[in-house]
Amino acid sequence: MKEIQGHGVAIITPFKEGGAVDYEAIPGLVDHLVLGGVDYLVLLGTTSEAATLSKDEKINLVDKVIAANASRLPLVLGLGGNHTQELLEMFDWFDLEQFAAVLSVAPYYNKPNQEGLYQHFKAVAGRSPLPVILYNVPSRTGVNISPETVLRLAQDFDNVVAVKEAAGDFQQAQTLINICPQNFSVLSGDDEMSLSMILAGAKGVISVIGNAIPNHYSNIIQKGLRKEVDAAYDIQYRILNLIRLIYEEGNPTGIKVLMEDIGICKNNLRLPLVKASPFLTSKLKEVLEQVMRQ
């Protein structure tokens, strides 16, 4: 995986009714994504409910995905936290030789300034034997990694190679694309904005909706990268309502409804997340059926 680009999917974690991780559902999930034309898989991201997983569960989940994937797709490992030293110790938990890169979210809750963010990611870059993808999602972390800080990190550390940009700010996305080095990948972290960002120069996406409809979304991304604008937007508008609906009550609340509907796993989440409301559940199933008929 010489350059981080194309359609990556932040995979969900299947749970059983009682709350245990449903490891038996992992092979079916991975096969579904591989056959759906996905370019790489992202483990232990926000969509995986990683914040609710124990150390042992994370290790076991990673092992199951590695085995199910059988080297078919590159893997990216989510390693992030707001305790920098503790985060650095997490690098020893996993066999990193199985991964193409790590995805590291901005420290949450502490609300560091830009210098604090730089020093945190400097420590991550210094510890990581793999390429590092920065993850900027201010709506969850409470802090925004500015384009200038991203550029500083990209220039100072050879292994800081990409940013997953999920600020929901297209102007900021354009600034990132404009100022970052040519060999640095700006990736969308917002399913609805991905096509627009790619047409502006981004190199791909790490998606949520791709869990459920990987073929549809992979087609959008590949057509966007080839600048087949009309064809890409044709698919985009056919699935736009579904993209919006999966976030209506939070992530991965909506996508879990779809995953059960297509037979991949049960619609179970861990507290503090709860299942989608009956109204949203019904609407999601209705719109998914419409998408599948098209």
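Please note which helices (runs of 4 or more DSSP H) are completely contained in the stretch 130-184 and include at least 2 residues that are at negative phi, open to solvent by less than 10 Å² (accessible area, probe 1.4 Å) and modelled with pLDDT of 95 or more.
Once the helices (runs of 4 or more DSSP H) in the stretch 130-184 are filtered for at least 2 residues that are at negative phi, open to solvent by less than 10 Å² (accessible area, probe 1.4 Å) and modelled with pLDDT of 95 or more, what remains is 147-156, 170-179.
Looking at the stretch 58-73, can you tell me whether even one residue there is within 30 Å of M193 (Cα to Cα) and in contact (Cβ under 8 Å) with a residue 60 or more places away in the chain?
no
Tell me, please, whether a residue that is at positive phi, of a type outside the set (D, E, K, R) and in a loop (DSSP other than H, G, I, E, B) can be found in the stretch 58-77.
Looking through the stretch 58-77, at least one residue is at positive phi, of a type outside the set (D, E, K, R) and in a loop (DSSP other than H, G, I, E, B).
Which of the residues belonging to the stretch 26-41 are in a helix (DSSP H, G or I) and open to solvent by 10 Å² or more (accessible area, probe 1.4 Å)?
Listed by number, the residues that qualify are P27, G28, D31, H32, V34, L35.
If you go through the stretch 201-217 one residue at a time, do you hit one that is polar (S, T, N, Q) and either at pLDDT below 95 or over 28 Å from A106 (Cβ atoms) (or both)?
Within the stretch 201-217 (the criterion being polar (S, T, N, Q) and either at pLDDT below 95 or over 28 Å from A106 (Cβ atoms) (or both)), the answer is yes, since at least one residue qualifies.
Could you list, in sequence order, all residues of the stretch 225-257 that are part of a loop (DSSP other than H, G, I, E, B) and within 28 Å of E49 (Cα to Cα)?
Y247, E248, E249, G250, N251, P252 - these are the residues of the stretch 225-257 that are part of a loop (DSSP other than H, G, I, E, B) and within 28 Å of E49 (Cα to Cα).
I'm trying to understand the selection: among the residues of the stretch 33-49, which are within 25 Å of V274 (Cβ to Cβ) and out of contact with any Lys or Arg (no Cβ under 7 Å at 6 or more places or on another chain)?
V42, L43, G45, T47, S48
Of the residues V274, V205, which single one is at negative phi and outside any loop (DSSP other than H, G, I, E, B)?
After applying the criteria, what remains is V205.
If you go through the stretch 101-112 one residue at a time, do you hit one that is without any contact (Cβ under 8 Å) to a residue 40 or more places away in the chain, among the charged types (D, E, K, R) and part of a helix (DSSP H, G or I)?
Checking the stretch 101-112: not a single residue is without any contact (Cβ under 8 Å) to a residue 40 or more places away in the chain, among the charged types (D, E, K, R) and part of a helix (DSSP H, G or I).
Identify the residue in the stretch 4-24 that is in a loop (DSSP other than H, G, I, E, B) and aliphatic (A, V, I, L, M) and, among all such residues, is most open to solvent (accessible area, probe 1.4 Å).
Residue satisfying both the conditions and the ranking: A20.
Of all the residues that make up the stretch 82-99, how many are part of a loop (DSSP other than H, G, I, E, B), surrounded by fewer than 18 Cβ atoms within 10 Å (Cβ to Cβ) and hydrophobic (A, V, I, L, M, F, W, C)?
Here the count works out to 2.
Please verify whether L44 is modelled with pLDDT of 95 or more and either closer than 24 Å to A167 by Cβ or open to solvent by 40 Å² or more (accessible area, probe 1.4 Å) (or both), treating the condition exactly as stated.
Numbers: modelled with pLDDT of 95 or more: yes; either closer than 24 Å to A167 by Cβ or open to solvent by 40 Å² or more (accessible area, probe 1.4 Å) (or both): yes.
Yes.
Of the conditions (1) open to solvent by 60 Å² or more (accessible area, probe 1.4 Å); (2) not in a helix (DSSP H, G or I), E260 satisfies every one except a single condition; which number is it?
E260 satisfies all of (1) open to solvent by 60 Å² or more (accessible area, probe 1.4 Å); (2) not in a helix (DSSP H, G or I) except (2).
For L79, work out the one condition from (1) open to solvent by 40 Å² or more (accessible area, probe 1.4 Å); (2) over 20 Å from N268 (Cα atoms) it doesn't fulfil.
Here L79 meets the rest and fails (1).
Being within 21 Å of T281 (Cβ to Cβ) and more than 18 Å from the chain's Cα centre (by Cα): is that true of I239 here?
Criteria met by I239.
The values are calculated or read from the model by the stated rules, or taken from the named source; none is laboratory data. What you see is a predicted model; the values in this text were computed from it and never measured. Backbone-built Cβ (ideal geometry, glycine too); neighbour counts: all protein chains shown. SASA here: full protein model, heavy atoms, side chains in, ligands and nucleic acids out. Shrake-Rupley method; radii C 1.70, N 1.55, O 1.52, S 1.80 Å.
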